[in-house]
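Undergrad: First the structure, then my questions, so here it is.
The values are calculated or read from the model by the stated rules, or taken from the named source; none is laboratory data. Note that this is a predicted model, so its numbers are computed, not measured. Neighbour counts run over all protein chains shown; Cβ positions are idealised from the backbone, glycine included. Accessible surface areas use protein heavy atoms only, side chains included; no ligands, DNA or RNA. Shrake-Rupley method; radii C 1.70, N 1.55, O 1.52, S 1.80 Å.
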Amino acid sequence: MLFRTTVLAAFALVALIIVPARADQIVIRFSHVVGTNTPKGIGANLFKEKVEQRLAGKVRVEVYPRSQRFTDDQVLLALLFGDAEMAAPSLAKFRSYNKSLQVFDLPFLFKDLDAVHTFQASKTGRALLDSMAPRGIKGLAYWDNGPRVMSANRPLRVPGDAKGLIFRIEPSAVFQEQYARLGVVAIPMPFKRVTDAVREGLVKGQENAWSNIYSRRLHKFQRHFTEAGHSFLGYMVVTSTAFWQGLPTDIRIELEAILAEVTAEVNRLAGEKAESDRRKVAAAEGVEILRLGDAEREAWRQRLVPVWKKFETEIGADVIKAAQAAGAGR
Ligand code: LMR
């Protein structure tokens, strides 16, 4: 009896060591700040689904949406410290890692989303994915959200209409300068604070993509929207160079193949999502969306384009030129 118990205990111990630990399983913690029904949220979940189908038992993906674990500023450090393996901050969030990436923030630089895509696929655009390597961050892909639109507690038809307002901005030096040129007090704030700041009237304006506006219900508190076509919200999917290089080659190749498929899907559905979320916001009570005519748009452009000059040295004149070549802004 004692012998049987000892043998069973020994088997249980071996099973404990061999089975439940699954020490060889790779875990990818994908941390992001937006809702699940946004292009990035859908993309992260689709990535998880495909990875767990095709690399079953080898790789598990845990998705943490809505800043559950980190804000965008925190997540880049978390990648470096091994507290997260993937993230997709907006392109406005990388200034401390590489200043050239600010090219994506310049107002009216890209005339439309096709121009953004052409630039991203160009030699310069692809080099920017690798530009943070000296800081340990590896860019894997560009994901779209959509055009940034401004909202405020009053209509903004001409640049002078924004004067004196307080705006929430993403922590971007370019945006800070852009809003300074409009006479706006711009407060950089993490995304998770935006709804409260807008609801409590701490800020009187903000800019974001339709999916973020709709999913965070910002239209309930600020009803005047302006589509100036000055900016696009896009993301870079990133990981740490050390983590990515440490993956077994076959797994890394499969993950890159999956990411390419997910990127195509995210960028296909982002346009549809922007349209459908815009329609839902437009249908809400009291909402007014100003789509500017050419002359009005030109007034915004004239006011904001001088921002480029201020950042030309930091970003690199060659990088700005390459972006212009991809489809010059009007
Ligand atoms: C923001 O901070 O407003 C956006 O970058 C959030 C996001 O990830 O879309």
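Undergrad: Beyond a 31 Å Cα-Cα separation, which of these cross-linked pairs lie in this structure: Lys280/Lys321; Lys50/Lys93; Lys58/Lys123; Lys192/Lys321; Lys50/Lys192; Lys48/Lys273?
TA: The pairs that break the limit, which is 31 Å between Cα atoms, are Lys280/Lys321; Lys58/Lys123; Lys192/Lys321.
Undergrad: What number, rounded to the nearest 500 deg cm²/dmol, is the helix-based mean residue ellipticity at 222 nm of the chain, given -39500 (n - 2.57) per DSSP H run of at least four residues and division by all its residues? Walk me through the numbers before you get to the answer.
TA: Numbers: 13 runs with 148 residues, N = 330.
Per the formula, -13500 deg cm²/dmol.
Undergrad: A follow-up question, please. Take region 200-330, drop everything but the C-alpha atoms, weight them equally and run the Debye formula without solvent; then report log10 I(q)/I(0) at 0.15 Å⁻¹ to two decimals.
TA: Those come out to -1.03, one per q.
Undergrad: Using 1/(1 + (r/R0)^6) with R0 = 35 angstrom and r between the beta carbons of Arg154 and Glu314, what's the FRET efficiency to the nearest 0.05? Kindly include the intermediate steps, with their values, before the conclusion.
TA: Numbers: r = 33 Å, r/R0 = 0.95.
That pair, Arg154 with Glu314, gives E of 0.55.
Undergrad: If packing is taken as the mean number of other Cβ atoms within 10 Å per residue, what is the order of 91-104, 180-193, highest first?
TA: On the way: 91-104: 21.3, 180-193: 17.1.
Packing order, densest peptide first, comes out as 91-104, 180-193.
Undergrad: Further question on the same structure: Given the protein chains as shown and a 1.4 Å probe, how many square angstrom of Arg252 are accessible, to the nearest 10?
TA: Ignoring ligands and nucleic acids, Arg252 comes out at about 60 Å².
Undergrad: Leaving ligands, DNA and RNA out of it, work out the accessible area of Met236 with a 1.4 Å probe and give it in Å² to the nearest 10.
TA: Result for Met236: roughly 0 Å² accessible.
Undergrad: What do you get for Rg/Rh of region 19-325 when both radii come from the Cα atoms and Rh is the Kirkwood radius?
TA: Working: Rg = 19.4 Å, Rh = 19.9 Å.
Over the Cα atoms of region 19-325, Rg/Rh equals 0.97.
Undergrad: I've got another one for you. Run the simple label-point estimate for Ser276 and Ala264 please: 7 Å along Cα→C-beta, distance reported in nm.
TA: Distance between label points: 2.1 nm.
Undergrad: How much of Tyr142 can a 1.4 Å solvent probe reach, expressed as accessible area in Å² and rounded to 10?
TA: Taking all protein chains as shown, Tyr142 has close to 20 Å².
Undergrad: Mind ranking Asp83, Asp24 by accessible surface for me, highest first, 1.4 Å probe? Can you show the working numbers first?
TA: On the way: Asp83 70, Asp24 130 Å².
From most accessible down to least: Asp24, Asp83.
Undergrad: Please give the peptides 70-78, 308-316 ranked by average Cβ packing (other Cβ atoms within 10 Å per residue), highest first, as a rough proxy for protection. Walk me through the intermediate numbers first.
TA: Numbers: 70-78: 19.3, 308-316: 15.2.
Packing proxy ranking, top to bottom: 70-78, 308-316.
Undergrad: Quick one: if you take sqrt(5λ) for each eigenvalue of the C-alpha gyration tensor of region 180-267, what semi-axes come out, biggest first, whole angstrom? Don't jump to the answer; show the numbers that get you there.
TA: Working: eigenvalues 267, 46, 35 Å².
Values for region 180-267, descending: 37, 15, 13 Å.
Undergrad: Let me ask another. Send over a whole-number figure in Å² for the accessible area per residue of the chain, probe 1.4 Å. Provide the component values of the computation, followed by the final result.
TA: Numbers: 14820 Å² over 330 residues.
That works out to 45 Å² per residue.
Undergrad: How much of the accessible area of the chain, in percent, comes from carbon and sulfur atoms when a 1.4 Å probe is used? Don't skip to the end; give the middle numbers.
TA: Values: 8170 of 14820 Å².
Carbon and sulfur together cover 55 percent of it.
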